[in-house]
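Asker: Please see the structure below; I have some questions.
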Amino acid sequence: MSLITASDLSKSYGSVDIFSGLNLVIPPQSRIALVGENGIGKTTLLNLLADIESPSGGKVQRANQLKIGFLPQKSTLSSSKTVWDESLNALQEMIRMEDDLKALEQAMSQPEGSTEETLARYGSLQVRFENMGGYTYESKVEQVLSGLGFSSDDFQMPVDHLSGGQRTRILLAKLLLGNHDLLIFDEPTNHLDITAIQWLEGYLKSFPGAVLLVSHDRYFIDQVCDHIWEMSRAGF
């Protein structure tokens with residue numbers, strides 16, 4: 001089943017028509033680059049597919065419970081948390097599971113707490129936690145932050161003290177750490193150096209979900225994507 005299917009899609013702002021009559025499908029595990037001249041409507045299309053904006057006409061159908069991660073060109077991320085703690089926000093489900101396991105362990109340490117029901121719940125939760133990478137999530141956060149160019153000294157810096165480019169990289173880190181079926185990126189390499197771009201290429205190659213991106217970096221597209229969508233004044 002496709003992650004997203006769009007039919008006869010159009011978008012206008014007042015009397016200005018951005019595009020019309022677009023039809024597209026995003027399959028699972030696809031790697032798609034959206035290219036075209038500046039001002040053609042690439043960012044607008046990404047916004048529609050990510051459900052940030054609504055189309056003027058046509059329909060966008062998304063798979064049931066589809067989890068989309070979206071990276072805009074400019075981050076609006078604002079947080080008083082540190083780089084590390086803000087990145088951990090992407091793993092809240094896993095952290096809650098860890099807390100539940102600790103609570104169950106505490107209960108089972110009491111004579112009256114070691115019931116069959118408690119033991120069964122603990123065993124089931126532990127398997128799920130392990131399968132999600134729960135015992136290695138802190139090392140994964142460190143790996144992603146380091147891969148995107150943050151040093152260990154940066155981890156305790158408040159997000160609000162960072163530049164716009166650094167905040168975009170934190171948002172990118174959170175998207176990579178999150179459990180998404182589809183990642184939509186608008187110029188993901190804008191604030192990355194060559195080393196970080198190469199690291200991101202490798203990470204996305206092994207990402208189990210689908211990727212749709214806009215980028216002016218042709219080499220990055222060649223390394224990551226296996227399909228090209230080209231927008232022109234005549235459509236796709």
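Asker: Could you pull out the pairs from LYS67/LYS140; LYS102/LYS174; LYS11/LYS140; LYS59/LYS140; LYS59/LYS81 whose alpha carbons sit more than 32 Å apart here?
Answerer: LYS11/LYS140; LYS59/LYS140; LYS59/LYS81, as the Cα separations exceed 32 Å there.
Asker: Please check: in the Gaussian network model of the chain (C-alpha springs, under 10 Å), which one of ALA63, ALA33, ALA107 has the largest mean-square fluctuation.
Answerer: Between ALA63, ALA33, ALA107, it is ALA107 that shows the largest mean-square fluctuation.
Asker: For the chain, just the Cα set please: Rg and Dmax, both in angstrom.
Answerer: Expressed in Å, the Cα Rg and Dmax of the chain come to 20.8, 73.
Asker: Related question: Output ³J(HN,Hα) for region 119-136: one whole-Hz value per residue in order, computed from phi by the Karplus curve 6.51 cos²θ - 1.76 cosθ + 1.60 with θ = phi - 60°, and x for Gly and Pro.
Answerer: Each residue of region 119-136 in turn: 4, 5, 5, 5, x, 5, 5, 5, 4, 5, 4, 5, 5, 7, x, x, 7, 10 Hz.
Asker: Now a separate question. With all protein chains present, calculate the accessible area of ILE197 using a 1.4 Å probe and round the result to the nearest 10 Å².
Answerer: 20 Å²
Asker: Expressed as cubic angstrom per residue, what is the convex hull volume of the alpha carbon set of region 82-185?
Answerer: Each residue corresponds to 108 Å³ of Cα convex hull volume.
Asker: Still on this structure: What percentage of the solvent-accessible surface of the chain, computed with a 1.4 Å probe over protein heavy atoms, is contributed by carbon and sulfur atoms?
Answerer: Reported share for carbon and sulfur atoms: 47 percent.
Asker: In addition: Taking the solvent-accessible surface of protein heavy atoms with a 1.4 Å probe, what is the per residue accessible area of region 88-130 in Å²?
Answerer: 66 Å²
Asker: I've got another one for you. Using the alpha-carbon centroid of each, what span in Å lies between region 177-196 and region 1-74?
Answerer: 18 Å
Asker: With springs connecting C-alpha atoms under 10 Å apart, model the chain as a Gaussian network and identify which of LEU213, LEU104, LEU24 has the largest mean-square fluctuation.
Answerer: Among LEU213, LEU104, LEU24, the largest GNM mean-square fluctuation belongs to LEU104.
Asker: Round to the nearest 0.05 the FRET efficiency obtained for SER139 and GLN198 when R0 = 25 Å and r is the Cβ-Cβ distance.
Answerer: The value I calculate is 0.75.
Asker: Between GLY209, GLY149, GLY57, where does the largest GNM mean-square fluctuation fall for the chain, given springs only between Cα atoms within less than 10 Å?
Answerer: Maximum among the listed residues: GLY57.
Asker: Using only protein heavy atoms and a 1.4 Å probe, report how much of TYR135 is accessible, in Å² to the nearest 10.
Answerer: 130 Å²
Asker: I've got another one for you. How much accessible area does TRP84 have with a 1.4 Å probe, in Å² rounded to the nearest 10?
Answerer: So the heavy atoms of TRP84 present about 40 Å² to solvent.
Asker: Let me ask something additional. Helix-only estimate, please: 222 nm mean residue ellipticity of the chain, summing -39500 (n - 2.57) across DSSP H runs of length 4 or more and dividing by its residues, to the nearest 500.
Answerer: It lands at -12000 deg cm²/dmol.
Asker: Going from most exposed to least, what order do ARG169, ARG121 have by accessible area with a 1.4 Å probe?
Answerer: From most exposed to least exposed: ARG121, ARG169.
Asker: Roughly what % antiparallel, to the nearest 5, for the DSSP beta bridges in the chain?
Answerer: DSSP beta bridges in the chain are roughly 45 percent antiparallel.
The values are calculated or read from the model by the stated rules, or taken from the named source; none is laboratory data. As the structure is a computational prediction, the values presented were derived from the model and not from experiment. Counting neighbours? That spans all protein chains shown, and the Cβs are built from the backbone with ideal geometry, glycine included. What goes into the accessible areas is simple: the full protein's heavy atoms, side chains included, and nothing from ligands, DNA or RNA. Shrake-Rupley method; radii C 1.70, N 1.55, O 1.52, S 1.80 Å.
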